[in-house]
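Please read the structure below before turning to the comments.
The values are calculated or read from the model by the stated rules, or taken from the named source; none is laboratory data. None of the values given here were measured: they were computed from a predicted structure. Note: ideal-geometry Cβ built from the backbone for every residue, glycine included; neighbour counts use all protein chains shown. The area values use the complete protein model at the heavy-atom level, side chains included, leaving out ligands, DNA and RNA. Shrake-Rupley method; radii C 1.70, N 1.55, O 1.52, S 1.80 Å.
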Amino acid sequence: MSDKPWDRIWKGAGLVTCEGEGLGLIEQGLIAVRDNEIVWVGAEVDAPRDKIAATPQIVSLNGGWVFPGLIDCHTHLVFGGNRAREFEMRLEGATYEEIARAGGGILSTVKATRAASEEELFAASLPRARDLLREGVTTLEIKSGYGLDLQSEIKMLKVARAIGAELGLTIKTSCLAAHALPPEYAGRAGDYIDLICSQILPRLAEEGLADAVDGFCEGIAFSPDEIARVFETAKDLGLPVKLHADQLSDLDGAALAASFDGLSADHLEYTNPKGVEAMARAGTVAVLLPGAFYTLKETRRPPIETFRKEGVSMALASDCNPGSSPISSLRLILNMGCTLFGLTPTEALRGVTVNAAKALGESTRKGRLAVGMDADFCHYKIGAPADLCYWMSGARPDKVVMGGGEITVL
Ligand code: DI6
Ligand code: FE
């Protein structure tokens, strides 16, 4: 152990470390931090006395549980406009696909997002990120995909980065230019894929605006061949990929993502057993999105049992977006993951911590309370870890720590 003194200690609460297979619980735990890293974690009784005595700042938590900072690994929270009218249309019987084919859906958000200035987009999107932060989310993925032209995609991803700077959150960005066919390319999907591969991705890579490349592989979006072209370019640029796969139909999307060593395949309601096997082999995380399942009143659930059997890591995310998952609460998603998809609270909690970190390629820094990890964590005054899944919304964390510093959650 290094001789350097510790900066700060948090003690007096249980720890949900997410180490090992389960939650890695430690009752009466202690976390020590130096700079922005965890330097000691374990049971308080085992902590070195001399180190504790020399630490200038000790925070006593008085019960409750400390979790790794929660991670929402799939969001579309930067967007302009509002789709409440579509919600009403769906209540009147229209389907998501019908609305999309009639020019509503994603394309109506594209119109509003293109029309918004960077400042307007930032102002509209920040509250959604703040909602998540208030629940203890410290790492957040944000996708583009409502710009669908070079300048608008850049604008979205700059806003995503600016949200991270404003709130002190870790933001991972994904380019989702292959989300929908923009109206000016109607009937020319191949040309739009050319634009993505020859201009949008190279420019975003050059500017460091995209940490990964995503796509929407679906009958109402892009075919597996089209997505494969986008992924080839991503590979050439050294960017990892992930995919909206098999959400509304089985297009072998999961296997496609796995064949490019995808970080994750997301949605997966219609994924077939071969796709699950391919994901297991590639170490591709299954990102489950019960908010979209709920909103679209889907009845077909992702093959959870097969993921378990094949040892595929499962993550849970909000999919926060104006159409299919108008939700900016990861707490509610934890409950939905258990109630709608049959996850255990342990699986659900690992799904917004250790497995969500894996889905973002951040396993070495995020998602666990362990030595060497970023000092991101949140403290909830709850009786048992499963309370976060059981109670819908409700109590907020009373402390959120990011990079070793406590932040005020407004
Ligand atoms: N799948 C989704 O659930 C979202 N995008 C996607 O590819 C929906 C986005 C929207 O309706 O605006
Ligand atoms: Fe999505």
Failed item in (1) over 28 Å from Leu288 (Cβ atoms); (2) outside any helix (DSSP H, G or I), with Cys197 passing the rest: (2)
Tally, over region 132-187, of residues that are out of contact with any His (no Cβ under 8 Å at 6 or more places or on another chain) and part of a strand (DSSP E or B): 12
Some residue of region 99-110 being of a type outside the set (Val, Ile, Thr), open to solvent by less than 20 Å² (accessible area, probe 1.4 Å), within 16 Å of ligand 2 (Cβ to nearest atom) and touching a residue at least 24 places away in the same chain (Cβ under 8 Å): yes
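One line per residue, one yes/no per condition, for (1) within 16 Å of ligand 2 (Cβ to nearest atom); (2) of a type in the set (A, V, I, L, M):
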| site | (1), (2) |
| --- | --- |
| Ile220 | yes, yes |
| Gly238 | no, no |
| His244 | yes, no |
| Gly253 | yes, no |
| Phe260 | no, no |
Test: Phe87 is of a type in the set (A, V, I, L, M, F, W, C), in a helix (DSSP H, G or I) and surrounded by fewer than 17 Cβ atoms within 10 Å (Cβ to Cβ): yes
Filter pass, Val354 being crowded, with 20+ Cβ neighbours inside 10 Å, away from ligand 1 (no atom under 16 Å from the Cβ) and among the hydrophobic types (A, V, I, L, M, F, W, C): yes
For Cys18: the one exception among (1) in a strand (DSSP E or B); (2) in contact with a Lys or Arg (Cβ under 9 Å, 6 or more places away or on another chain); (3) surrounded by 22 or more Cβ atoms within 10 Å (Cβ to Cβ): (1)
Residue list for region 195-223, filter: in contact with a Phe, Trp or Tyr (Cβ under 9 Å, 6 or more places away or on another chain) and within 15 Å of ligand 1 (Cβ to nearest atom): Val213, Gly215, Phe216, Ile220, Phe222
